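Below is one structure, written out as structure tokens; the observations come after it.
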Amino acid sequence: MSIEQAYNSWADIYDTNQNKTRDLDAHATVETLSKYDFKNVLELGAGTGKNTPFLLSKAEQVVSLDFSEEMLNKAKAKIKDERVSFRRTDLNEEWDVEDNFADLVTVSLCLEHIENLDQIFAKAHQKLKENGFFFISELHPFKQYLGTKARYETEEGVKELEVYIHHLSEFVNAAKNNGFTLKEVEEWFDGEAENEVPRILSLVFQK
Ligand SMILES: C[S@@+](CC[C@H](N)C(=O)[O-])C[C@H]1O[C@@H](n2cnc3c(N)ncnc32)[C@H](O)[C@@H]1O
């Protein structure tokens, strides 16, 4: 099953099934981005719009891209706000967003499905204004090394999605090669489990 088809079938339960990674990402996103000011946001892999209301609480305008029609349908049904535009887009292709649009590009739990990070950083750079920020929050590569993948339960059993492992060095080098500087790096743990493997890696880069 393609990644797009998998998210189309996951969409119905994405917001409600038990998912520690989804919930910790929401926390990491709010904690990190509360410190920044932004007017125009470009959200990549927005899914059901879990993080979109928070972005709208600080922004004037949000453009949210995703290639799963069903995930976007969930987002559109929940979020009725004329300041957000949901656009069906494959992130591996051209993004239908004007250059220099955003003060913030943000992506959560999506880059594990993208093989070539370099083209994502190149396009994020193109869509950002000068000094704009690029926030990334992903399943920590340490978790990936131990075999954790995006997955959901169906009546036929657990479905695991196709993923690519991206080392920390890949994020940092793709950023450097595309004109970004690293502003923040954080690792997020389950509850008090700071001696265990971190679940989420978050990075803030600046153009
Ligand atoms: C785990 S969900 C995360 C959704 C949301 N960002 C969140 O944190 O809840 C991953 C999302 O990435 C989207 N996605 C994966 N690969 C994509 C691609 N090549 N182009 C656009 N969207 C993609 C999926 O459709 C899905 O909605």
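The values are calculated or read from the model by the stated rules, or taken from the named source; none is laboratory data. Just so we're clear, the structure is a prediction, and the values are computed from it rather than from any experiment. Please note: Cβ atoms are built from the backbone with ideal geometry, for glycine as well, and neighbour counts cover all protein chains shown. Accessible surface is based on the protein model in full, side chains and every heavy atom, while ligands, DNA and RNA are left aside. Shrake-Rupley method; radii C 1.70, N 1.55, O 1.52, S 1.80 Å.
If the condition is being assigned to a loop (DSSP other than H, G, I, E, B), within 13 Å of the ligand (Cβ to nearest atom) and either open to solvent by 30 Å² or more (accessible area, probe 1.4 Å) or closer than 16 Å to N51 by Cβ (or both), then region 92-108 contributes N92, E93, E94, D96. Any chance you could count how many residues in region 25-84 are within 20 Å of I200 (Cβ to Cβ) and assigned to a loop (DSSP other than H, G, I, E, B)? Final tally of qualifying residues: 10. With respect to E43, is the statement that it is of a type outside the set (V, I, T), in contact (Cβ under 8 Å) with a residue 24 or more places away in the chain and either within 13 Å of the ligand (Cβ to nearest atom) or farther than 19 Å from K159 by Cα (or both) true? Yes, satisfied.
Taking I114 as the residue in question, decide whether it is under 13 Å from the mean Cα position of the chain (by Cα), on the phi < 0 side of the Ramachandran plot and open to solvent by less than 30 Å² (accessible area, probe 1.4 Å). So I114 passes the test. Within region 40-58, the set of residues being over 23 Å from H125 (Cβ atoms) and open to solvent by 10 Å² or more (accessible area, probe 1.4 Å) comprises K50, P53, F54, L56, S57. Considering (1) within 24 Å of D23 (Cα to Cα); (2) open to solvent by less than 80 Å² (accessible area, probe 1.4 Å), the lone condition that T89 does not fulfil carries the number (1). Taking region 109-195 as the region of interest, the helices (runs of 4 or more DSSP H) fully inside it that hold 3 or more residues being farther than 23 Å from L24 by Cβ are 117-127, 168-177.
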